[in-house]
Number of protein chains: 2
Amino acid sequence: MDDQQLNEQLHDCLFAIRAQVHAELKELAREAGLTDTQTDALWRLSRGPEMTARRLADRLQCDASTATSMIDRLERRGLVRRVPHPTDRRVKVIQLTPEGCALRDRVIQHTTERSPFARLDHESRLRLHELLRQAIDGTHSADEAADVVAIPEGERR
Amino acid sequence: MDDQQLNEQLHDCLFAIRAQVHAELKELAREAGLTDTQTDALWRLSRGPEMTARRLADRLQCDASTATSMIDRLERRGLVRRVPHPTDRRVKVIQLTPEGCALRDRVIQHTTERSPFARLDHESRLRLHELLRQAIDGTHSADEAADVVAIPEGERR
DNA sequence: TATTGTTATACTCTATAACTATA
DNA sequence: TATAGTTATAGAGTATAACAATA
């Protein structure tokens, strides 16, 4: 197997894992009366420091206007609310409501429990984590990667 | 770091890698005048043995009617065509046109070249592949996984 | 001037339900 | 009866362009 083929195989694996995770997420979303995308957004909303509409759009790689309508729908369902930023009056902080938090917790727990990774032993998972981090950090600047992945210990969950 | 946290970290990595791949795919899709979803479908259309509308829907985890409209749009752009199945007259085989093939090749090449995985050395990629396969095979039946991932040597590309 | 967020608009994406044709 | 595919419909997701408010 040459390098090109190996890369393709890795992408096929990525696709397969994403498909498995997505299937679980979809099932949960259905129970909760949400769409896949909304469930995904809920998950992403809870990671990292302070969430704004702009930051959510960056994270979901969509236009700002798309984030606006996404937040509209989540707000209508009572899962998030828009709070004015204390110092910058242009910015709206997107906060999870208690119901939003509860659902977010269910999403994370449900997904990580049934994750394909859960079948690996602890050692394998550590090795996998190291390899993935290496791949991620190699292609993006540390800042960009940090925004998506790293969560300060105190702010986790 | 306990197991729950490690699992969450792994999912964050998965998200980050998917985001990087998606960003590359999006750029290419834009150039080609396609949407992300169409580009993804094009990629998936080319993997595995014989593609039918039903199989595409399974693979993209969407409803059959969604696959129908997706194929409609790809057909309108001249990237695929519907061919009657030789023995089962209910089935339509979805074939890539020459233009579809060319674009599909560009998508795969572009993405695998700029993939986060490309930065890992050969040894690391082999280890990563092994770990991912292990995670995939552990949670799904061999048959299901085979449909998504394994491609017989003769039919690849 | 640049940035944050919104609105209006026009697509694409998506599932549900009802249908036809074939197995 | 079951399966492959389509159509009609309605709502969610999406980007573009134009805009207001604020930095």
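Values quoted throughout were computed directly from the atomic coordinates according to the rules given, and no laboratory measurement underlies them. Worth saying up front: this structure is predicted, and the values here are computed from it rather than measured. Virtual Cβ from ideal backbone geometry, glycine too; neighbours counted across all protein chains shown.
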What number in nm² do you get for the protein assembly as shown if you take the convex hull of its Cα atoms and divide its surface by four?
17.4 nm²
Kindly give the semi-axes, whole Å and largest first, of the ellipsoid equivalent to the stretch B:1-44, taking each as the square root of 5 times a Cα gyration tensor eigenvalue.
31, 9, 5
Shielding of A:118-128 by partner chains, average beta-carbon count, 10 Å
5
For chain A, longest principal axis from Cα atoms; helix A:36-45 axis from its Cα atoms; angle between them, nearest 10 degrees, is 80 degrees
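Under a Cβ-only charge scheme (Lys and Arg +1, Asp and Glu -1), can you give me the dipole magnitude of the stretch B:3-119 about the Cα centre, in debye to the nearest 20?
So the dipole magnitude of the stretch B:3-119 works out to roughly 600 debye.
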Once you put a point 7 Å from the Cα of residue A:27 and another 7 Å from the Cα of residue B:4, both along the Cβ direction, what distance in nm separates them?
2.0 nm
Under the convention of a label 7 Å out along Cα→Cβ, give the distances in nm from residue A:27 to the same position in every other copy, shortest first.
3.7
Only counting other Cβ atoms within 10 Å, I'd like B:124, B:65 sorted with the fewest neighbours first.
B:65, B:124
Of all GluC sites (Glu not before Pro) in the stretch A:22-98, the ones in DSSP coil with at most 15 other Cβ atoms within 10 Å are A:50
Label point 7 Å beyond Cα along the C-beta direction, distances from residue B:73 to other copies (nm, shortest first):
1.5
Number of partner chain Cβ atoms within 10 Å, mean per residue of B:104-112:
2
Can you list residues from other chains, or at least 5 along the same chain, whose modelled amide H is less than 5 Å from the amide H of residue A:80?
A:75, A:97
Normalised alpha carbon radius of gyration of the stretch B:43-123 [divisor 2.2 N^0.38 Å]
1.28
What are the extents of the Cα atoms of chain A along their three principal axes, listed from largest to smallest and rounded to whole Å?
55, 37, 30
Sort B:88-96, B:66-74, A:35-43 for me by packing, meaning the mean count of neighbouring Cβ atoms within 10 Å per residue, highest on top.
A:35-43, B:66-74, B:88-96
Contact order normalised by residue count of the stretch B:43-93, Cα under 8 Å, 6+ apart, percent:
32 percent
Based on the inverse mean of 1/r over its pairs of different Cα atoms, what is the Kirkwood hydrodynamic radius of the stretch B:36-88, in Å?
11.4 Å
Could you work out how far helix A:3-32 tilts from the main Cα principal axis of chain A, as a 0 to 90 degree angle to the nearest 10?
40 degrees
Given label points at 7 Å from Cα along Cα→Cβ, what nm distances, shortest first, separate residue A:84 from the same residue in every other copy?
6.9
What FRET efficiency do you get for residue A:69 and residue B:58 if R0 is 25 Å and r is their Cβ-Cβ distance, rounded to the nearest 0.05?
0.25
With the 8 Å Cα cutoff and a minimum separation of six or more residues, the stretch A:3-119 has a relative contact order in percent of 28 percent
